[in-house]
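Chemist: Can you keep this structure in mind? I'll have questions shortly.
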Amino acid sequence: MSDVVLETKNLTKEFKGFTAVNNVSLRVQRGHIHALIGPNGAGKTTCFNLLTKFLVPTSGQILFNGRDITMARPAQIARQGIIRSFQISAVFPHLTVLENVRIGLQRPLGNSFHFWRSEKKLNVLNEKAMALLREVDLETFADTMTVDLPYGRKRALEIATTLAMEPELMLLDEPTQGMGHEDVHRVTELIKKVSAGRTILMVEHNMSVISGISDRISVLQRGALLAEGSYAEVSKNPQVMEAYMGTTGGELQGAH
């Protein structure tokens, strides 16, 4: 199997004469944490919406494990193993933490949202759900109502429900947005931990997060790919510094 999990070829999206994504060619390597960064309005979210099929590209191609998924529907690519998290809170506030993960586990079984299934049948999933909660350090919160979870812990729960759907490629949309320093650190460590044996593509504004965990970074500006490489390479690129800071002086640090 190829080392490239996801590839886009000249991906383009136009809205009534405005080009939001312009000829973007990405290659996401298997097992990598790949970050998509860029100033506001750079086209990052549009790019994610194209990859998860919430938008149809104007032109270009999307390949997943070498298969063309350009015209696939969202449910089809989810079944193939591309699972997106964080765009909309993926949890049910008035269920417990354990119940939320259990619902995620039902989806691959084809029993999605069978709330009327007997408690006994659902209990067989408890062991697997608890294992996922251990993986994201939420074991002690299993019986907590989700609405009562602190914000950073809710994000950890969203990662657990995403993992429950057995993603081959996880798309994380600004996983640390709106968090205080302690939560940012916890979620960053969590992403690093759950990336073992998985591939992650993430949109993230926090440069300290990106510098700490990314294997590769693609920088978008005005919908086009401006630069690509490791954090060390990208952070010293004059064009990238100018795009972020409006200046060619100093390194790219802590840009939000």
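The values are calculated or read from the model by the stated rules, or taken from the named source; none is laboratory data. What you see is a predicted model; the values in this text were computed from it and never measured. Counting neighbours? That spans all protein chains shown, and the Cβs are built from the backbone with ideal geometry, glycine included.
Chemist: Just to be sure before I move on: is GLU251 farther than 24 Å from GLU7 by Cβ, among the charged types (D, E, K, R) and either in a helix (DSSP H, G or I) or modelled with pLDDT of 95 or more (or both) in the structure I sent?
Modeler: No; evaluated as a whole, the condition is false for this residue.
Chemist: Do we have any residue at all in the range 205-214 that's assigned to a helix (DSSP H, G or I), outside the structural domain of LEU157 (by TED's automatic domain parsing) and closer than 19 Å to VAL5 by Cα?
Modeler: yes
Chemist: Provide a single number: the residues in the range 164-190 that are under 13 Å from the mean Cα position of the chain (by Cα) and surrounded by 22 or more Cβ atoms within 10 Å (Cβ to Cβ).
Modeler: Of the residues in that region, 7 qualify.
Chemist: Being under 30 Å from SER211 (Cβ atoms), among the aromatic types (Phe, Trp, Tyr) and either at pLDDT 95 or above or assigned to a loop (DSSP other than H, G, I, E, B) (or both) narrows it down to one of PHE48, PHE54, so name that one.
Modeler: That would be PHE54, the only listed residue that is under 30 Å from SER211 (Cβ atoms), among the aromatic types (Phe, Trp, Tyr) and either at pLDDT 95 or above or assigned to a loop (DSSP other than H, G, I, E, B) (or both).
Chemist: Would you check which residues across the range 215-240 are closer than 21 Å to ASP3 by Cβ and surrounded by fewer than 16 Cβ atoms within 10 Å (Cβ to Cβ) and list them?
Modeler: Result: GLY229, SER230, GLU233.
Residues checked against (1) of a type in the set (Val, Ile, Thr); (2) surrounded by 17 or more Cβ atoms within 10 Å (Cβ to Cβ):
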position: ILE37; (1), (2): yes, yes
position: LYS44; (1), (2): no, yes
position: VAL56; (1), (2): yes, no
position: GLN61; (1), (2): no, no
position: PHE64; (1), (2): no, yes
position: MET71; (1), (2): no, no
position: ILE82; (1), (2): yes, yes
